[in-house]
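The values are calculated or read from the model by the stated rules, or taken from the named source; none is laboratory data. A quick note: this is a predicted structure, and the numbers were derived from the prediction, not measured. Neighbour counts run over all protein chains shown; Cβ positions are idealised from the backbone, glycine included. Heads up: the accessible areas ignore ligands, DNA and RNA and are worked out on the full protein's heavy atoms, side chains in. Shrake-Rupley method; radii C 1.70, N 1.55, O 1.52, S 1.80 Å.
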Amino acid sequence: SGRYEAAKGELNRFLAARPDHVDALVTRARVGEKLGQHALAAEDFARAIQLANPPEPEFYLERAQALASASPGHPEAALACLDEGRARLGPLPTLGLAAIDLEVGQRNFEAALARLDQLSAGQKRQEMWLERRGDILVKADRSVSAVLAYRDAQKAIARLPARQQGTQSMQDMQARLKQKI
(Lines give C-alpha, C1' and ligand atoms only; values in the text may rest on other atoms or scores of the structure.)
Protein backbone atom coordinates (compact mmCIF):
# COMPACT_ATOMS: atom_id res chain seq x y z
CA SER A 1 0.00 0.00 0.00
CA GLY A 2 3.04 2.28 -0.15
CA ARG A 3 3.35 2.71 3.62
CA TYR A 4 7.06 2.02 3.70
CA GLU A 5 7.88 3.78 6.97
CA ALA A 6 5.20 1.79 8.79
CA ALA A 7 6.41 -1.41 7.14
CA LYS A 8 9.97 -0.70 8.18
CA GLY A 9 8.86 -0.18 11.77
CA GLU A 10 7.08 -3.54 11.81
CA LEU A 11 10.06 -5.24 10.21
CA ASN A 12 12.42 -3.66 12.76
CA ARG A 13 10.29 -5.02 15.59
CA PHE A 14 10.13 -8.47 14.03
CA LEU A 15 13.88 -8.55 13.33
CA ALA A 16 14.64 -7.46 16.90
CA ALA A 17 13.12 -10.77 18.00
CA ARG A 18 14.36 -12.84 15.03
CA PRO A 19 17.51 -11.18 13.64
CA ASP A 20 18.39 -14.14 11.40
CA HIS A 21 15.10 -14.30 9.50
CA VAL A 22 16.16 -14.16 5.84
CA ASP A 23 12.77 -13.23 4.37
CA ALA A 24 12.33 -10.36 6.84
CA LEU A 25 15.84 -9.06 6.09
CA VAL A 26 15.16 -9.14 2.35
CA THR A 27 11.80 -7.45 2.82
CA ARG A 28 13.35 -4.72 4.99
CA ALA A 29 16.09 -4.27 2.37
CA ARG A 30 13.46 -3.81 -0.34
CA VAL A 31 11.58 -1.35 1.83
CA GLY A 32 14.85 0.49 2.44
CA GLU A 33 15.36 0.76 -1.30
CA LYS A 34 11.88 2.29 -1.67
CA LEU A 35 12.80 4.79 1.04
CA GLY A 36 16.07 5.68 -0.67
CA GLN A 37 18.13 4.13 2.14
CA HIS A 38 20.42 2.30 -0.24
CA ALA A 39 23.37 1.69 2.09
CA LEU A 40 21.13 0.22 4.78
CA ALA A 41 19.35 -1.88 2.19
CA ALA A 42 22.70 -3.21 0.97
CA GLU A 43 23.58 -4.19 4.54
CA ASP A 44 20.31 -6.11 4.94
CA PHE A 45 20.85 -7.88 1.62
CA ALA A 46 24.40 -8.76 2.71
CA ARG A 47 23.12 -10.28 5.94
CA ALA A 48 20.43 -12.24 4.06
CA ILE A 49 23.05 -13.54 1.63
CA GLN A 50 25.22 -14.60 4.54
CA LEU A 51 22.37 -16.48 6.23
CA ALA A 52 20.62 -18.04 3.24
CA ASN A 53 21.79 -21.46 2.17
CA PRO A 54 22.02 -21.04 -0.72
CA PRO A 55 21.10 -17.41 -1.32
CA GLU A 56 18.84 -16.50 -4.20
CA PRO A 57 20.61 -14.89 -7.18
CA GLU A 58 18.14 -12.00 -6.88
CA PHE A 59 19.64 -11.15 -3.48
CA TYR A 60 22.97 -10.44 -5.19
CA LEU A 61 21.30 -8.50 -7.99
CA GLU A 62 19.32 -6.36 -5.57
CA ARG A 63 22.30 -5.82 -3.28
CA ALA A 64 24.40 -4.74 -6.26
CA GLN A 65 21.69 -2.28 -7.28
CA ALA A 66 21.53 -0.90 -3.74
CA LEU A 67 25.32 -0.53 -3.66
CA ALA A 68 25.34 1.18 -7.05
CA SER A 69 22.58 3.56 -5.91
CA ALA A 70 24.36 4.28 -2.63
CA SER A 71 27.53 5.25 -4.46
CA PRO A 72 26.68 6.44 -7.98
CA GLY A 73 29.67 6.65 -10.25
CA HIS A 74 31.57 4.09 -8.18
CA PRO A 75 30.34 0.65 -9.15
CA GLU A 76 33.27 -1.23 -7.59
CA ALA A 77 31.30 -2.53 -4.61
CA ALA A 78 28.37 -3.51 -6.83
CA LEU A 79 30.67 -5.34 -9.23
CA ALA A 80 32.38 -7.11 -6.32
CA CYS A 81 28.96 -8.21 -5.05
CA LEU A 82 28.05 -9.68 -8.44
CA ASP A 83 31.41 -11.39 -8.72
CA GLU A 84 30.94 -12.84 -5.23
CA GLY A 85 27.56 -14.18 -6.31
CA ARG A 86 29.06 -15.82 -9.39
CA ALA A 87 31.82 -17.34 -7.27
CA ARG A 88 29.32 -18.76 -4.81
CA LEU A 89 26.46 -19.74 -7.12
CA GLY A 90 28.30 -20.45 -10.33
CA PRO A 91 28.46 -18.58 -13.63
CA LEU A 92 24.86 -17.42 -13.74
CA PRO A 93 24.18 -15.29 -16.82
CA THR A 94 21.89 -12.93 -14.88
CA LEU A 95 24.73 -11.92 -12.56
CA GLY A 96 27.21 -11.65 -15.41
CA LEU A 97 24.89 -9.54 -17.54
CA ALA A 98 24.24 -7.19 -14.62
CA ALA A 99 28.00 -6.74 -14.21
CA ILE A 100 28.35 -6.04 -17.93
CA ASP A 101 25.61 -3.40 -17.70
CA LEU A 102 27.41 -1.74 -14.77
CA GLU A 103 30.68 -1.69 -16.71
CA VAL A 104 28.99 -0.20 -19.77
CA GLY A 105 27.25 2.39 -17.58
CA GLN A 106 30.66 3.47 -16.34
CA ARG A 107 32.03 3.49 -19.90
CA ASN A 108 34.43 0.66 -19.01
CA PHE A 109 33.92 -0.91 -22.40
CA GLU A 110 37.00 -3.13 -22.42
CA ALA A 111 36.04 -4.56 -19.03
CA ALA A 112 32.48 -5.10 -20.29
CA LEU A 113 33.76 -6.91 -23.37
CA ALA A 114 36.08 -9.06 -21.24
CA ARG A 115 33.16 -10.02 -19.02
CA LEU A 116 31.07 -10.78 -22.09
CA ASP A 117 33.80 -13.02 -23.48
CA GLN A 118 34.01 -14.87 -20.18
CA LEU A 119 30.25 -15.29 -19.99
CA SER A 120 29.83 -16.47 -23.57
CA ALA A 121 32.83 -18.83 -23.59
CA GLY A 122 31.73 -22.38 -24.12
CA GLN A 123 28.13 -21.45 -24.92
CA LYS A 124 26.76 -23.47 -27.80
CA ARG A 125 24.63 -20.61 -29.16
CA GLN A 126 26.45 -17.34 -29.78
CA GLU A 127 23.99 -15.10 -31.63
CA MET A 128 22.73 -13.32 -28.50
CA TRP A 129 26.26 -12.73 -27.21
CA LEU A 130 27.41 -11.40 -30.58
CA GLU A 131 24.51 -8.96 -30.70
CA ARG A 132 25.36 -7.81 -27.18
CA ARG A 133 29.02 -7.40 -28.24
CA GLY A 134 27.90 -5.20 -31.12
CA ASP A 135 25.75 -3.10 -28.80
CA ILE A 136 28.69 -2.51 -26.47
CA LEU A 137 30.96 -1.65 -29.38
CA VAL A 138 28.43 0.92 -30.65
CA LYS A 139 28.45 2.60 -27.24
CA ALA A 140 32.26 2.56 -27.36
CA ASP A 141 32.13 4.41 -30.72
CA ARG A 142 33.64 1.42 -32.52
CA SER A 143 31.04 1.17 -35.26
CA VAL A 144 33.09 -0.90 -37.73
CA SER A 145 33.74 -3.57 -35.08
CA ALA A 146 30.07 -3.41 -34.07
CA VAL A 147 28.93 -4.10 -37.63
CA LEU A 148 31.29 -7.09 -37.77
CA ALA A 149 29.81 -8.44 -34.53
CA TYR A 150 26.27 -7.98 -35.87
CA ARG A 151 27.20 -9.78 -39.09
CA ASP A 152 28.73 -12.61 -37.05
CA ALA A 153 25.43 -12.84 -35.18
CA GLN A 154 23.58 -13.10 -38.49
CA LYS A 155 25.95 -15.87 -39.58
CA ALA A 156 25.37 -17.71 -36.29
CA ILE A 157 21.62 -17.56 -36.90
CA ALA A 158 22.08 -18.80 -40.47
CA ARG A 159 23.89 -21.88 -39.12
CA LEU A 160 20.90 -22.84 -36.97
CA PRO A 161 18.45 -25.51 -38.15
CA ALA A 162 15.60 -24.04 -40.19
CA ARG A 163 13.02 -24.65 -37.45
CA GLN A 164 15.11 -22.59 -35.00
CA GLN A 165 15.72 -19.85 -37.56
CA GLY A 166 11.98 -19.61 -38.08
CA THR A 167 11.09 -18.90 -34.46
CA GLN A 168 9.68 -15.49 -33.67
CA SER A 169 12.61 -14.62 -31.41
CA MET A 170 15.13 -15.37 -34.18
CA GLN A 171 13.08 -13.44 -36.74
CA ASP A 172 12.95 -10.51 -34.33
CA MET A 173 16.70 -10.72 -33.77
CA GLN A 174 17.32 -10.84 -37.53
CA ALA A 175 15.22 -7.69 -37.96
CA ARG A 176 17.09 -5.93 -35.13
CA LEU A 177 20.46 -6.94 -36.56
CA LYS A 178 19.51 -5.73 -40.04
CA GLN A 179 18.40 -2.39 -38.60
CA LYS A 180 21.55 -2.04 -36.49
CA ILE A 181 23.82 -2.79 -39.44
Quiz item: How many Å² of accessible area per residue for the stretch 98-181, probe 1.4 Å?
Solution: 59
Quiz item: When the chain is modelled as a GNM with alpha-carbon springs shorter than 10 Å, which of Pro161, Pro72, Pro19 fluctuates the most?
Solution: Pro161
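Provide the net charge surrounding Gly105, with neighbours chosen by a C-beta distance below 14 Å and charges set as Lys +1, Arg +1, Asp -1, Glu -1. Mind dumping the intermediate values first?
On the way: positive: Arg107, Arg115, Lys139; negative: Glu76, Asp101, Glu103, Asp135.
Counting the neighbours of Gly105, the net charge comes to -1.
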Quiz item: DSSP loop trypsin sites (Lys or Arg not before Pro) in the stretch 81-122 with at most 16 other Cβ atoms within 10 Å of their Cβ, which ones?
Solution: Arg107
Quiz item: Taking the chain as a Gaussian network, Cα atoms linked when under 10 Å apart, which of Arg163, Arg63, Arg133 shows the biggest mean-square fluctuation?
Solution: Arg163
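Based on the alpha-carbon set only, what is the convex hull volume of the stretch 48-96 divided per residue, in Å³?
64
Excluding same-chain pairs closer than 8 in sequence, count the lysine pairs in the chain whose Cα atoms lie under 15 Å apart.
On the way: Lys8/Lys34; Lys124/Lys155; Lys139/Lys180; Lys155/Lys178; Lys155/Lys180.
Summing the qualifying lysine pairs gives 5.
Mean separation of Cα pairs under 8 Å and 6+ residues apart, divided by the residue count of the stretch 40-152: what relative contact order is that in percent? Please report the intermediate quantities before stating the final value.
Working: 112 pairs, mean separation 17.4, N = 113.
Relative contact order comes out at 15 percent.
What per residue convex hull volume, in Å³, do the alpha-carbon atoms of the chain yield? If you can, show how the numbers build up before the last one.
On the way: hull volume 26.2 nm³, N = 181.
Convex hull volume per residue, Cα atoms: 145 Å³.
If R₀ is 30 angstrom, what is the calculated FRET efficiency for the pair Arg107 and Arg151, using the beta carbon separation as r and rounding to 0.05?
Working: r = 25 Å, r/R0 = 0.83.
Given R0 = 30 Å and the Cβ-Cβ separation, E is 0.75.
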Quiz item: GNM, the chain, Cα, under 10 Å: largest mean-square fluctuation among Asp23, Asp101, Asp44?
Solution: Asp23
Self-check item: Accessible surface of the chain, 1.4 Å probe, proportion on carbon and sulfur as whole %
Solution: 51
